[in-house]
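**Q** Dropping a structure here in C-alpha cells format, bear with me for questions.
The values are calculated or read from the model by the stated rules, or taken from the named source; none is laboratory data. Small disclaimer: the values here were computed from a predicted structure and weren't measured. Glycine gets a Cβ as well: all are built from the backbone with ideal geometry, and neighbour counts include every protein chain shown. Only protein heavy atoms, including side chains, enter the accessible area calculation; ligands, DNA and RNA are left aside. Shrake-Rupley method; radii C 1.70, N 1.55, O 1.52, S 1.80 Å.
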Amino acid sequence: MNAGKLSLLISMFLLIARGGLAAEAGLVVPGLAGPGLAERATVPVFVAADTLPGTEKTLETLKAHWPDSIILRPEAGKRAEIPANAKAVIAIRQTDGATARIVNGRRGATSPRWLLLAVADALEREGEPFSLSVPDMPIYRLGWVPDDPDMARAAPADVPAILVEVPANGSAFLPVAAKALSDAGDEGEDAHYLAFQFRGKLFAPGEETLVTLMIGVFGLVFFNLFFLSFAYGKKSEQHLRDFFRVWWLPFFYFTVTLVSLAAGQAIVSWLTKLTFGDPEGWTVIPARAFAGKLIFAFFFTSALVTFNQLIPFPKGGFIYGYIASIVCLVNIFVFSYLDFSLSVLFALIFGLAYGLSHVRNATWQLGGLALLVVPFLPYFRELARGDAATLAPLYAAGFGWNARLALFIVPFQLFMTRLTHSIGVLKAKRGVHIPLLPLVALVPAIFFTGFLVLAPAWTPERPLPVSVSQTLEQDRLSTDTRSDVGRAQFTVVSDPGLATDPFLPQRAAAVLEATVGVRNALGRIIVTVAAKGALAPQSLTLDVLSDETGAVLASSRDFERSPSGDRATFTLSEIGAESVTIAFTAVSGRPLDLRLQSRTERNPWGVTINDPAIAASYELTVRRDFRISEEGTVTEGEPK
C-alpha cells in the first residue's frame, strides 16, 4: 500500500469515526448530537399563533380530548411564557392552503427528530395530507432559512418546538400528538437528520442511519480503490503518466478560483459603494450582490485559466474526470463539518462524478454536468431568495467560506476541462491566441455592472426597510430617516389614516407628563420623579447626572451606575399607560441634571413615507430635562 492510499484510508476512517463514535457513545462533537432531555419533564405545550378559525378549531379538538392540556394564547407581537416543565412546544396557525404544513426549524437549527416524527405520525394516523415547508433539513442548519416570527414567539431557542399550519376547517391530529409526546421518554437530541416523504409517509433517517450509510459508501470506495482502481486497468501506465502530468491542476484551479472570488467581492463592494454611497449597501440587494460576486469570479477565473493554452495537455481525457471525482471525495469531509447530514449529499455527488469520469461522449458529459447540479437546486433556490443575514457568510466571506466555494466549484471546472478536451478545444496553441471563454464571461460581467447601477434596488415586492424617527424636545420636533442606503433621500409626509392621536399637541409636556419633587432628609435629598406617557410608551429611561460622584446613592428600583459614579440610569420597559414613580436619594447641596426619555412605536400624527417600495417603521422619542439646584429648586430646560 503506497503512502497516498494510506493517507486516504486514514482520512476516511476519521470521518466515519466522527459520526460513528458519537452515535454509539452519545458524545457531543461539532455538528452532531447535542445534550439529551433528561432534565425536561414530559409535558407538551400548545401555542396559538393566531386567532383564526382553523387554529381555534384545532385547539378545541385537543381540549375536548385532553381537558388539562396547556394551551397558551400570547398577545400579538409578544412571546409566549413557556412553563419550566415543558418538554416540547407545538405552535398552531391557519394556512391559506388546503392541507397542513410543518415548519420544522429556525435559522441554524431544526426541531428534534422525535418531535417531527410524533407530529407527522399523528397527521398520518388521522389521514391528513401534509408537507414540509423546507424538505431539505441541512438548509435550516446552515442558517439559510430566516426565522419564522410565529416560531420565535412560540418558544425560546432552547425549548424543542415545531409549528404546524392547519387548513381553515381545522385539524384533528393534536390529541394523537399530545398522547405520543406525553407517553414518550427521553428520546435524546437527534438533530442532524434528513427528512423526505414517500407516498404520503414521512421518513427521517437519523444520525445512526447516516453513519451506517457512510460506512457502506466508503466500503465501496475502498473496494474500488484497491481492486478496481484505474491503475489496474489496461491503460494503467498511460493513466499514471497522465496523472503525474496534471496532478497540479486542481490546486491551480482552487487557487485561481479563491483569488477570483476575493476579486469579485471587491468589485461588487466598489459598485455598491458607487451606487448607494456605502459598501454595506449590498445588504439591500443581497442575492444580487452574491450573484455579482460569482459572475465576476467567473470572468477572472476564465481569464486566468486561459494560460492553459500554453500547456500541452494529455491526449486522454479520462484523467480530468478522475481527478474531479477525487476532489468530490475531499468535499465530503469538508462540507460534513458544516453539518454531518451533508455527507450523504456530497457522497451522492461523488458517486455521480465517478460515473461521469468514465463517460467519453461529449453530449453525455454535458448532460452529466447538468445532473451534478440538480441535487443542489433547493440550496440555490434558498440562496436566491435569501436575506442579508443568510448571504453574509458567503458574500462577505473570509478565507473559510471562499475556500469552501472554491472547492465546490473545482470539480465542475475539471469536468468542463474534460468536456473541452473531448470536443478538441483544449490543446496547446502556437503563438498568441485570443481565447473565447473570457470574451463570453465578459458579457454577463458588463451586463451585471449596468444592472446593479441602473436597476431599481427595491420594489413593492421587496421593499426597502426605512426607519422614520421623530424626537420631541420641549416644543421642538425633529424628523430623521435611516436605511441601509446611505445616499437615498426620502420624503416624509403625514397620512391622517395612520394617525393614532391626530389632535395631540406637539409638545413634550403634553406627550410625556412628569413632575419632580425634592425634600431634605438627614443631610441627603430624596428625589421623586412621577411620569406618565400619553402614548403608552414601550420604554422609559431616567438619566441622573452629577458633577461629582454619588449621582444616586440608593433607590428602591434597579439602576445602572457608571464606573465614576457621576451618572445613574433607570430603565423601565412595557410601562403602558400607567403612571410610573422613581424615587432615589442623593447627596444634598450638589446640583443634579435629570433627563427623562420615553420611546413609543405609536404614530400619533401619521408620519410615513408615501412609497409602495418603502417599508417604513416609526418611532417617537420624547425628552424632558430638569435641573435640581444646590438649594433643591427644580427647573425645566436644557441641562447645563
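**Q** Hey, what's segment 493-547 come to in accessible area per residue, 1.4 Å probe, Å²? Can you show the working numbers first?
**A** On the way: 2880 Å² over 55 residues.
Per-residue accessible area for segment 493-547 comes out at 52 Å².
**Q** Taking K and R as +1 and D and E as -1, what net charge do the other residues with C-beta under 13 Å from the C-beta of Glu382 add up to?
**A** On the way: positive: Arg107, Arg141, Arg381, Arg385; negative: Asp136, Asp387.
It works out to a net charge of +2.
**Q** Moving on. Using packing as a proxy for protection, rank 145-156, 392-403 so that the peptide with the highest average count of other Cβ atoms within 10 Å comes first. Spell out each step's value before the answer.
**A** Values: 145-156: 18.3, 392-403: 16.3.
Ranked by mean Cβ neighbours within 10 Å, highest first: 145-156, 392-403.
**Q** Once the piece of chain linking Glu128 and Ala362 is laid out straight, how much longer is it, given 0.36 nm per residue of separation minus the C-alpha distance between them?
**A** Additional length available on full extension: 79.5 nm.
**Q** Looking at this model, which pairs from Lys273/Lys293; Lys63/Lys201; Lys78/Lys179; Lys57/Lys201; Lys179/Lys201 are more than 22 angstrom apart at the alpha-carbon?
**A** Listed pairs above 22 Å: Lys63/Lys201; Lys78/Lys179; Lys57/Lys201.
**Q** Need one number: nm distance between label points at Phe196 and Val259, each 7 Å from Cα along Cα→Cβ, rounded to one decimal.
**A** Between Phe196 and Val259, the label points sit 4.1 nm apart.
**Q** Could you list the residues of segment 273-287 with an amide nitrogen less than 16 Å from a label point located 7 Å from the Cα of Leu454 in the Cα-to-C-beta direction?
**A** 275
**Q** Which shape class applies to segment 76-173: rounded if a/c is under 1.5, otherwise prolate when a/b exceeds b/c and oblate if not, where a ≥ b ≥ c are the square roots of the Cα gyration tensor eigenvalues? Walk me through the intermediate numbers first.
**A** Numbers: a/c = 1.44, a/b = 1.24, b/c = 1.16.
Rounded.
**Q** If you don't mind, there's one more thing I want to ask. Taking the simple approach of a point 7 Å from Cα along Cα-to-Cβ for both Glu631 and Arg462, what is their distance in nm?
**A** For the pair Glu631/Arg462, the computed spacing is 6.6 nm.
**Q** What FRET efficiency comes out for Arg561 versus Ala510 if R0 is 25 angstrom and r is the Cβ-Cβ distance? Round to the nearest 0.05.
**A** Computed FRET efficiency for Arg561 and Ala510: 0.20.
**Q** Quick check: residue separation of Ser588 and Ser182 times 0.36 nm, minus the Cα distance between them. What number comes out in nm? Walk me through the intermediate numbers first.
**A** Working: separation 406, 0.36 × 406 = 146.16 nm, distance 6.21 nm.
The span from Ser588 to Ser182 would gain 139.9 nm if fully extended.
**Q** Provide the FRET efficiency to the nearest 0.05 for the Phe252-Phe503 pair, computing r from the beta carbons and using R0 = 56 Å.
**A** Numbers: r = 73 Å, r/R0 = 1.31.
E(calc), rounded to 0.05, equals 0.15.
**Q** Right, here's the next one. Check the straight Cα-Cα distances from Lys87 and name the aspartates and glutamates below 20 Å, setting aside those fewer than 8 residues away within the same chain.
**A** Straight-line reach from Lys87, under 20 Å: Glu39, Asp68, Asp121, Asp150, Asp158, Asp183, Asp186, Glu187, Glu189, Asp190.
**Q** Expressed in nm to one decimal, what extension gain is obtained for the pair Ile446 and Leu371 from 0.36 nm per residue of sequence separation less their Cα-Cα distance?
**A** Length gained, Ile446 through Leu371: 24.1 nm.
**Q** How far apart, in nanometres, would the label points at Ser494 and Glu75 be if each is projected 7 angstrom from Cα along the Cα-to-Cβ direction?
**A** For the pair Ser494/Glu75, the computed spacing is 2.9 nm.
**Q** Rank-order 46-56, 363-373 by packing density, defined as the average count of other C-beta atoms within 10 Å over each peptide's residues, highest first. Don't skip to the end; give the middle numbers.
**A** Working: 46-56: 19.3, 363-373: 14.8.
Ranking, from highest mean packing down: 46-56, 363-373.
**Q** Let me ask another. So if we plug the beta-carbon distance of Thr541 and His65 into 1/(1 + (r/R0)^6) with R0 = 45 Å, what FRET efficiency do we get, rounded to 0.05?
**A** 0.40
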